[in-house]
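Engineer: What follows is a single structure, and I will ask about it in a moment.
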Amino acid sequence: MNKIYSKYIIPYIYILGIMQLMQIRGVGWGCVLLTILNIITILSNFKLILHDKTGIVKFSLFYVGIVVIYQLLTPPLDKMYNPYYPLFYHVFITTGISFWIMGYKGYNILSPDIRKIILYAIIFALLFAFTLMFKTGGIVNLLGNSEIYEFLYQIVPYLMLWMTSALFLFNKKTRVLIVFLFVIIILISTKRGPLVTMGLGFLFILFFARKVSLKSVILTLLFITIFYLFLTTFDIFYLDWFNRWNASDDVSNGREEIWNLILNQIDKQNVLTTLLGNGYEASHKITYKYLWGAIGAHNDFIDILFNFGLVGLTAFILLILSWIKIVFFANKVNYEYRDMMIYILVCFLVGSIISSNMTRYATIYFGAFFYYFSGLLSFKQNKYVLGHNKSI
């Protein structure tokens with residue numbers, strides 16, 4: 001079963017991503033099936049995951065266990081509190097563990113045919129997303145239609161960020177094309193977070209590789225100039241875009257108010273509540289009560305602290321530290337997938353600070369690729385004696 005799972009799982013998660021992009025129903029049920037397959041894979045390989053020395057699997061299971069317990073103990077929220085799909089909180093981690101197992105077993109899940117499927121899926125998704133954005137004339141024209149606006153402004157940009165995170169699997173020309181299409185989509189959407197996140201991801205790769213050169217700076221400035229000229233050719237659209245980009249009354253610019261509200265509430269809590277939290281998605285209730293809607297904390301760390309207390313936050317931080325540890329090791333041994341691991345980890349951390357990874361299907365691409373490369377690194381570490389090889 002494991003080999004069959006490893007052969008079709010990547011196309012499957014990209015199909016679910018395209019379904020969400022095209023607003024085709026069934027993504028939730030697709031995640032249910034994925035979770036069942038993950039549980040079977042984990043249980044059938046439980047002895048193997050005990051060999052994990054990095055802590056990534058152990059802390060993953062610890063975190064998932066806490067979240068599931070809170071979900072089971074908390075009564076379902078009313079629709080007015082805008083509850084998220086429960087599986088999104090942990091399906092990316094359970095999928096990640098399954099991918100770690102495949103990597104640790106040395107399975108090649110990135111064959112040339114699979115890479116082609118990933119590439120075709122990414123290009124299709126980017127072109128489809130661009131069509132959605134462009135035919136509306138930009139997000140500024142959708143402020144009166146909350147449903148379409150939320151989909152194009154909140155879901156599509158981060159879905160594209162994560163779906164395109166596999167760009168490192170392709171040659172330079174293909175990478176440039178993917179980044180070019182992605183940047184256009186984000187600029188039209190006026191969603192600043194994903195664009196900043198991508199930029200920081202590339203910056204950290206250069207930092208780790210120590211390859212910040214004059215040429216890279218010139219190319220970056222040239223890239224920005226081209227986009228500026230492109231936008232200014234559409235005067236009316238550009239003015240609307242510029243005003244929307246600098247708007248001060250939207251959720252993106254209201255994070256300070258959201259964070260202060262929840263942090264002040266935490267400061268007033270008793271010790272037991274601070275330790276154990278207020279319950280699953282409790283942040284939705286407090287933002288619904290005091291702000292403009294049930295939007296949660298827009299920050300994974302604050303959200304987890306408020307909902308699951310110090311117990312949940314500790315589990316989350318330990319998990320992140322295990323990820324960081326693996327990335328530093330990958331950099332130390334000059335691992336072939338190091339750059340991609342750095343990029344997607346930075347994307348996760350930035351997303352967790354300015355928004356939320358725990359409420360999106362899109363985060364599953366982090367679980368898939370980061371955990372697979374981590375498991376594969378452990379496999380290669382076991383296969384080769386460190387110290388006698390310059391790279392893995």
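The values are calculated or read from the model by the stated rules, or taken from the named source; none is laboratory data. Since this is a predicted model, take the numbers as computed values, not measurements. Cβ sites come from the backbone with ideal geometry, for glycine too, and all protein chains shown count toward neighbours. SASA here: full protein model, heavy atoms, side chains in, ligands and nucleic acids out. Shrake-Rupley method; radii C 1.70, N 1.55, O 1.52, S 1.80 Å.
Engineer: Identify, please: which residue in the range 103-136 is more than 28 Å from S189 (Cα to Cα) and of a type in the set (V, I, T) and is, among those, most open to solvent (accessible area, probe 1.4 Å)?
Structural biologist: Once the filter is applied, the top-ranked residue is I114.
Engineer: Hey, another quick one. Is it true that K191 is within 24 Å of L345 (Cβ to Cβ), among the charged types (D, E, K, R), at pLDDT 75 or above and surrounded by 17 or more Cβ atoms within 10 Å (Cβ to Cβ)?
Structural biologist: For K191, the condition - within 24 Å of L345 (Cβ to Cβ), among the charged types (D, E, K, R), at pLDDT 75 or above and surrounded by 17 or more Cβ atoms within 10 Å (Cβ to Cβ) - is met.
Engineer: Right, next: Could you say which residue among L221, L159 is out of contact with any Lys or Arg (no Cβ under 6 Å at 6 or more places or on another chain), assigned to a helix (DSSP H, G or I) and at pLDDT below 80?
Structural biologist: L221
Engineer: Would you please name the residue that is modelled with the highest pLDDT, looking only at residues in the range 249-272 that are polar (S, T, N, Q) and surrounded by 16 or more Cβ atoms within 10 Å (Cβ to Cβ)?
Structural biologist: My answer is Q265.
Engineer: If I filter the range 155-169 down to residues being touching a helix residue (DSSP H, G or I) at 6+ places or on another chain (Cβ under 6 Å) and open to solvent by 10 Å² or more (accessible area, probe 1.4 Å), which single residue comes out as nearest to V196 (Cα to Cα)?
Structural biologist: Residue satisfying both the conditions and the ranking: F168.
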